[in-house]
Amino acid sequence: MKHLVFALAMLISCTSSSTAYLEKGKALMREGKTKEALEFTNKAINSDDQNSEAFNMRGVIYFEMKEFDNALLDYNRAIELEPTAYRPYFNRALLYTSRNQLDKALTDYNKALDIAPDTSDILLNRGQVLSFMDSIPAATKDFDKAVKLQDNNVLAWYNLGNAHYRQQNYERAISSFKRATQLDPRFGKAYYGLGMAQYMKGEKEVGCLSLKEAQRLGWQDATQALALHCGESSSAHPSN
């Protein structure tokens, strides 16, 4: 019995140390101290090699360091240890997207949504992958649900506007782009999308004003759009 109690005490001690190291690693990562964060996350794993959250965190660090193979190994290990946590699937999907392995990314986002179906960021990212795959109606549904879950999600509103634009639904595109600019008045790309949607809807004068605002905010495509589209019709559409 004494041996059992001692083993349990050691396990609790290791788990506690691992958690403390991991929290320190997270704090350092938030400060942009990637190498120091890696050091403490390694300590967390060395203290408890069953700590799935630590493996996921180290995967994030490796991803930031562009050590993608190491990141993939850690995400895989995190999933093995805790298959019901959505974040490793979400992070692995980001990695696959960066490698243009869109089918694998979509599979992981689907799994993440099975676990956490009402998570706006997962829907946003899956919608972006679906857009890359030209599955625009499906992407639109994801973006629409994302903004309903999180009304202040600027990128979701922008992507929803872009998806509506690509389906030539300019009125809804305008509404979505406007919401994005309300949430972030310095979002030049959203003003560009807004200007193009307004122009295509026949609101040329107000569309050109929006394009000028995009140009003022430094969105380079707006300069060309002003030169080409504020004097003649165009079928161009906003950038992803």
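Couplings 3J(HN,Hα) for the stretch 184-195, derived from phi with the Karplus relation 6.51 cos²θ - 1.76 cosθ + 1.60 (θ = phi - 60°), are 9, x, 9, 7, x, 5, 5, 5, 4, x, 4, x Hz, where x marks Gly and Pro. With a simple spin-label model that places each label point 7 Å from the Cα along the Cα-to-Cβ direction, the separation between MET133 and ARG216 comes to 4.1 nm. All Cα-Cα distances of the stretch 43-142, cut into 10 Å bins from zero to the largest, leave 18, 46, 28, 7, 1 percent in each bin in turn. For the stretch 200-206, putting each phi into the Karplus relation 6.51 cos²θ - 1.76 cosθ + 1.60 with θ = phi - 60° gives couplings of 5, 7, x, 8, 4, 5, 5 Hz, in residue order, rounded to whole numbers and with x for Gly and Pro. Taken over the stretch 95-178, lysine pairs spaced eight or more positions apart, or on distinct chains, with alpha carbons under 19 Å apart number 5. What angle do you read, to the nearest 10 degrees and between 0 and 90, between the alpha-carbon axis of helix 120-132 and the longest principal axis of the chain? Between the helix axis and the principal axis of the chain, the angle is about 60 degrees.
Taking a straight Cα-Cα cut-off under 19 Å and skipping sequence neighbours fewer than 8 places away in the same chain, the lysines within cross-link reach of LYS24 are LYS33, LYS35, LYS43. Computing FRET efficiency as 1/(1 + (r/R0)^6) for VAL206 and GLN50, where r is the C-beta to C-beta distance and R0 is 51 Å, gives about 0.30. Backbone N atoms of the stretch 173-199 closer than 16 Å to the 7 Å Cα→Cβ label point of ALA227 are not found in any residue. Between LYS148 and LYS104, the distance separating the two model label sites (each 7 Å from Cα on the Cα→Cβ line) works out to 3.3 nm. Over the chain, the fraction of Cα-Cα pairs per 5 Å bin, rounded to whole percents and listed from the shortest bin up, is 1, 7, 12, 13, 13, 12, 11, 9, 7, 5, 3, 2, 1, 1, 1, 0, 0, 0.
Measuring max minus min along each principal axis, the C-alpha atoms of the stretch 123-238 give extents of 37, 25, 21 Å (largest first). With all protein chains in place and a 1.4 Å probe, the accessible surface of the chain carries 50 percent carbon and sulfur. Amide H to amide H, with H built 1.01 Å from N, SER135 comes under 5 Å of no residue 5 or more places away or on another chain.
Computed with a 1.4 Å probe over protein heavy atoms only, the accessible surface of the stretch 101-240 comes to 49 Å² per residue. Across the stretch 62-79, computed HN-Hα scalar couplings (Karplus, 6.51 cos²θ - 1.76 cosθ + 1.60, θ = phi - 60°) run 4, 4, 4, 7, 6, 9, 5, 5, 5, 4, 4, 4, 6, 4, 4, 5, 4, 5 Hz from first to last residue, x flagging Gly and Pro. Give me the angle, in degrees from 0 to 90, between the Cα long axis of helix 136-149 and the longest principal axis of the Cα atoms of the chain, rounded to the nearest 10. Between helix and principal axis, roughly 70 degrees. Spin-label model, GLN167 to ASN42: label points 7 Å out along the Cα-to-beta-carbon direction sit 5.0 nm apart.
Please compute the length gained on full extension between ASN70 and GLU31, using 0.36 nm multiplied by the number of residues separating them and subtracting their Cα-Cα distance.
Result: 11.8 nm gained on full extension.
The values are calculated or read from the model by the stated rules, or taken from the named source; none is laboratory data. Quick caveat, the model's predicted, so the values are computed rather than measured. Cβ atoms come from the backbone with ideal geometry, glycine included; neighbour counts cover every protein chain shown. All accessible areas refer to the heavy atoms of the entire protein, side chains included, with ligands and DNA or RNA removed. Shrake-Rupley method; radii C 1.70, N 1.55, O 1.52, S 1.80 Å.
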